[in-house]
Amino acid sequence: MEPNKDLVAKLVMADPGLPRPNPTQSYWQHIPHELANAQSSSLPTERDFAIIGSGITGLAVAKSLLEQHPAATVTVLEARTLCSGATGRNGGQMAANVGEEYMHLAETHGPEMAGKIVSFTFQNLQRMQELIKEYDAVESSEMQQLQKLRAFLTEDTFRDFKLSITRLESDHPSWKGLYTILDKETLIKKYGIHGAEGGALLPAGTVWPYRLVTKVFAALMKKYPNRFTIETSTPVQAVEHESNFVTPVTSVFPYIVRTTRGPLRAGNVVYCTNGYTGHLIPKLRGRVHPFKGTMTVQDPGKAMPNQGKSFSWGFHYPVTYDPATKESGHGLYYLGQSAKTGYFYLGGENARIEHVVSADDSFVDKNSVIHLQSVLPQFFGKSGTPPWKVVSSWSGIMGFSSDGLPLVGQLPTSLTGRNGEGEWIAAAFNGYGMANCLMSGEALVSLILGNGTGDWLPDAYGLGEKRLRDILTAPESIKALTSKL
Ligand SMILES: Cc1cc2nc3c(=O)[nH]c(=O)nc-3n(C[C@H](O)[C@H](O)[C@H](O)COP(=O)(O)OP(=O)(O)OC[C@H]3O[C@@H](n4cnc5c(N)ncnc54)[C@H](O)[C@@H]3O)c2cc1C
């Protein structure tokens, strides 16, 4: 029994719309940054680069453009407040998922490309730490370098994980030792984790992403006051190309970016719009779709030691579907702990499909919160105790692609439906943005400036014809959402 395929098809193909004007507030944003509502007195009229979206990807693109182009004028357009999308409302985990995904990646793309994706992800996590240090944000963003403990709640999920790691290590012996496999007894005795069949440790980190991103944006505003602006509360409603109105096109700013504050002319448009991408690029609907997550902050009081400097956790289980409630469990709980307060940050998706394939972060699904509250003590063998207090809960919108990989590159006219070669994208990080966004933004700028990316951006992230034809498709999204049920 699985959710109705027609409903899933309708949901993935739906227009995600503009970011909702009244999102839930995440705990990370409870003290808004002074730039939260940054806006010029009037919208700039002509810019070399208009970047849509002020999450970590928009930041990476803006920063790289400003640093690498000596004169480019750059504007970030944001529908709501600064960093109010997934980056400002995520789980704060800096961790890779390539271990558990390796087998699938190798089967789909071959071992060489799969290895490139592994390298890219771990390099990106390294770059995150460098960025945090470069901007003196270790303290303010509460960055921790730690080990992530992945626990597998069933024999099958643990077996598949081990097979994937064995293949990774055999295809790429240099990655041997990255994952330390743990058996059931060790998990309980040494790490206090209950109810799992086995697990693994891998190097990882945690961060307060909102504080990091807003801090770096503030530094860019200060450094480039004459050629960089941030325009919050400026939803982009449509993008047009001058050739729709006049030929031949002579303007160096051929794009007309229509916003609620009027038009902005741009030389290039960069979409860092994550789960909302399909609104502005309808031909990407279905290939990329929104995926709504729920997060909680829970206070265990004195019931648990503070391990926030040493560990973060992930709990994997087979995807589930309950025909009675029509709720699906999407296979993963992600958990961190604040080294300062001891609060747990737990996220996971367990809701009806229409509340998961959704771009509406204006409410939190109550059942999801109750569910997250009920599972957390169990992981630590405290199931008999009353639930821990929920300090905060919120929802956020991820961008998922049908093949599970980001989209990084130039948008072909077949997707934009417009003339011009100045539309670019870095979006759809499938819930693993902290392991992908920064270098995806940097790589995109290298492509925009004509420098290429050498060998470090996996080709599989690009928008080649084969990917668009075979695996970046709406039917593949529907399959991904229903086949594991
Ligand atoms: C609940 C949740 C938990 C997560 N946990 C983790 C985690 O622990 N670790 C991890 O690595 N990743 C996690 N992720 C995923 C991660 O947060 C994202 O992959 C990453 O932040 C994406 O960054 P981005 O800049 O591409 O997109 P976003 O941060 O979503 O930014 C996109 C921005 O574009 C704006 N926008 C969109 N359309 C328009 C428009 N038309 N006009 C103007 N502005 C527009 C949006 O308002 C938004 O601010 C989580 C995500 C969620 C939602």
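The values are calculated or read from the model by the stated rules, or taken from the named source; none is laboratory data. This is a predicted model, so every value here is computed, not measured. All Cβ positions, even for glycine, are placed from backbone atoms using ideal geometry, and neighbour counts span all protein chains on display. Side chains are part of the model used for accessible areas, which takes the heavy atoms of the whole protein and leaves out ligands, DNA and RNA. Shrake-Rupley method; radii C 1.70, N 1.55, O 1.52, S 1.80 Å.
Ignoring the sites themselves, the chain has its longest run without GluC sites (Glu not before Pro) in a DSSP loop having at most 15 other Cβ atoms within 10 Å at 140-420.
When only alpha carbons are used to place a centre, the stretch 240-313 and the stretch 328-386 end up 24 Å from one another.
Just the protein heavy atoms count here, and of the accessible area of the stretch 409-457 at 1.4 Å, carbon and sulfur take up 43 percent. Using R0 = 25 Å, the C-beta based FRET efficiency linking Ser383 and Thr154 works out to 0.90. Surface composition of the stretch 141-181: carbon and sulfur make up 48 percent of the accessible area, probe 1.4 Å. Here the relative contact order of the stretch 163-277, from alpha carbon pairs under 8 Å that lie six or more residues apart, stands at 13 percent.
Computed over every Cα-Cα pair of the stretch 1-134 and binned at 10 Å starting from 0, the pair-distance distribution P(r) comes out as 9, 25, 32, 26, 7, 1 percent. Past the 14 angstrom mark, what percentage of all C-alpha to C-alpha distances in the stretch 190-256 do you count? Of the Cα pairs, 79 percent sit more than 14 Å apart. For the cross-link pairs Lys176/Lys309; Lys63/Lys116; Lys148/Lys283, the ones whose C-alpha atoms lie over 29 Å apart are Lys148/Lys283. Compared with the alpha-carbon gap, the fully stretched path from Ile31 to Ser140 is longer by 38.0 nm at 0.36 nm per residue. Calculated on the alpha-carbon coordinates, the convex hull of the stretch 195-298 measures out at 221 cubic angstrom per residue. Taking 16 Å as the straight-line reach from the Cα of Lys10, the aspartates and glutamates in range (excluding those fewer than 8 positions away in the same chain) are Glu2, Glu354, Asp360, Glu476. The relative contact order of the chain, computed from alpha carbon pairs under 8 Å that lie at least 6 residues apart in sequence, is 24 percent.
Working note: Karplus 6.51/-1.76/1.60 with θ = phi - 60° gives the stretch 354-364 the couplings 6, 9, 9, 7, 8, 10, 9, 9, 7, 8, 10 Hz, where Gly and Pro are set to x. Computed about its Cα centre, the charge dipole of the chain is approximately 860 debye, with only Lys, Arg, Asp and Glu carrying charge at their Cβ. Take every pair of alpha-carbon atoms less than 8 Å apart whose residues are at least six positions apart; their mean separation over the length of the stretch 215-323 yields a relative contact order of 14 percent. Element breakdown for the stretch 5-134 at a 1.4 angstrom probe: carbon and sulfur atoms account for 50% of the accessible area. The residues of the stretch 402-449 present an accessible area of 24 Å² per residue when probed at 1.4 Å with all protein chains retained. Normalised per residue, the accessible area of the stretch 201-251 is 41 Å², obtained with a 1.4 Å probe and no contribution from ligands, DNA or RNA. On a per residue basis, the stretch 104-167 carries 46 Å² of accessible surface, using protein heavy atoms and a 1.4 Å probe.
Distance between the pseudo-spin-label points of Lys10 and Met221 (7 Å out from Cα toward the beta carbon): 4.3 nm.
The peptide list 296-305, 455-464, put in order of mean Cβ contacts within 10 Å with the highest first, becomes 455-464, 296-305. Principal semi-axes of the equivalent ellipsoid, √(5λ) from the alpha carbon gyration tensor of the stretch 84-197, are 26, 21, 13 Å from largest down.
For the stretch 383-466, the average shadow cast by the Cα convex hull is 8.9 nm², which is a quarter of the hull's surface. For the stretch 108-150 versus the stretch 387-442, the inter-centroid distance based on Cα atoms is 17 Å. Could you give the length gained by full extension between Ala238 and Val390, i.e. 0.36 nm per residue of separation minus their alpha carbon distance, to one decimal place? Value of the extension gain: 50.8 nm. Taking only the alpha carbons of the stretch 320-404, we obtain Rg and Dmax values of 14.0, 41 Å in that order. The orientation-averaged projected area of the convex hull spanned by the Cα atoms of the chain comes to 21.8 nm².
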